[in-house]
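Here the structure comes first, spelled out in structure tokens, and everything after it is commentary.
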Amino acid sequence: TLTNVQLYQIAYYQLGVSNAFGTATSTLASIWQGLVAYYPFSGNANDDTGSGINGTPSGALLTTDRFGATNSAYLFSGVDNTITFDSVPLSQVDNWTISAWVNPASLNQAGIAVSVGYYDGFSGDGYGFGLNGDANWQGIFPSVAWAPSGQTLPAANQWYQVVMLRQAGTTAFFINGV
């Protein structure tokens, strides 16, 4: 696991693991390999991969991130704040990952934290995740409303890394790596 990787540190990494029986080393891989878009929110909603899939905030305000860096996260009011895109960053229906850091002010709210594609709260053609009135983290699928993830956020006003992984027709959810 690479933690606290900053933009200037993103490059090529190898992982070495050892135990009582010996050592295994991973192959050299780029953290950018297969990355469609990356939004560090460094004062804007621009994609830092160079793909040009920049976001346009509407009502969302820049705020302090989980490390205390100013103008490095967005605050959403929970009513109609969004970050929209001219084109959908993800168009494939399988073999993808969506990851975000979230800090919900309340766990008894219904709100979509991340949605890739169209979704209006009732129907759409996109994927995403968020809360649906309680602390249970929910997924969003095309032609399906909310789907339970099996994950629960323990408390409000804390940062969580949330991940939705779709691979070979199976979807998995992770909160803080679990």
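The values are calculated or read from the model by the stated rules, or taken from the named source; none is laboratory data. All figures in this text were calculated on a predicted structure; none of them were measured in a lab. Positions of Cβ are backbone-derived with ideal geometry, glycine not excepted, and every protein chain shown enters the neighbour counts. We work out accessible area using only protein heavy atoms, side chains counted, and drop any ligands, DNA or RNA first. Shrake-Rupley method; radii C 1.70, N 1.55, O 1.52, S 1.80 Å.
Taking each residue of region 68-82 that is more than 11 Å from Gly111 (Cβ to Cβ) and looking for partners that are surrounded by 15 or more Cβ atoms within 10 Å (Cβ to Cβ) and aromatic (Phe, Trp, Tyr) with beta-carbon atoms closer than 7 Å, six or more apart or interchain, yields Ser72/Phe41; Ala73/Phe41; Tyr74/Phe41.
Each residue in region 137-178 was checked for being open to solvent by 60 Å² or more (accessible area, probe 1.4 Å) and over 15 Å from Ala100 (Cα atoms), and 10 of them qualify.
Test Tyr127 against the stated conditions and say whether it is modelled with pLDDT of 90 or more, open to solvent by less than 50 Å² (accessible area, probe 1.4 Å) and under 16 Å from the mean Cα position of the chain (by Cα).
Working: modelled with pLDDT of 90 or more: no; open to solvent by less than 50 Å² (accessible area, probe 1.4 Å): yes; under 16 Å from the mean Cα position of the chain (by Cα): yes.
In short, no.
Check Thr27, Thr3 and return the single one that is closer than 26 Å to Pro154 by Cα and modelled with pLDDT under 85.
Details: Thr27 fails: closer than 26 Å to Pro154 by Cα.
That would be Thr3, the only listed residue that is closer than 26 Å to Pro154 by Cα and modelled with pLDDT under 85.
Filtered by the rule that a residue be under 17 Å from Gln109 (Cβ atoms) and outside any loop (DSSP other than H, G, I, E, B), region 149-169 gives Ser149, Gln151, Thr152, Tyr160, Val162. Residues in region 160-171 that are in contact with a strand residue (DSSP E or B) (Cβ under 6 Å, 6 or more places away or on another chain) and under 16 Å from Gly126 (Cα atoms): Val163, Met164, Leu165, Arg166.
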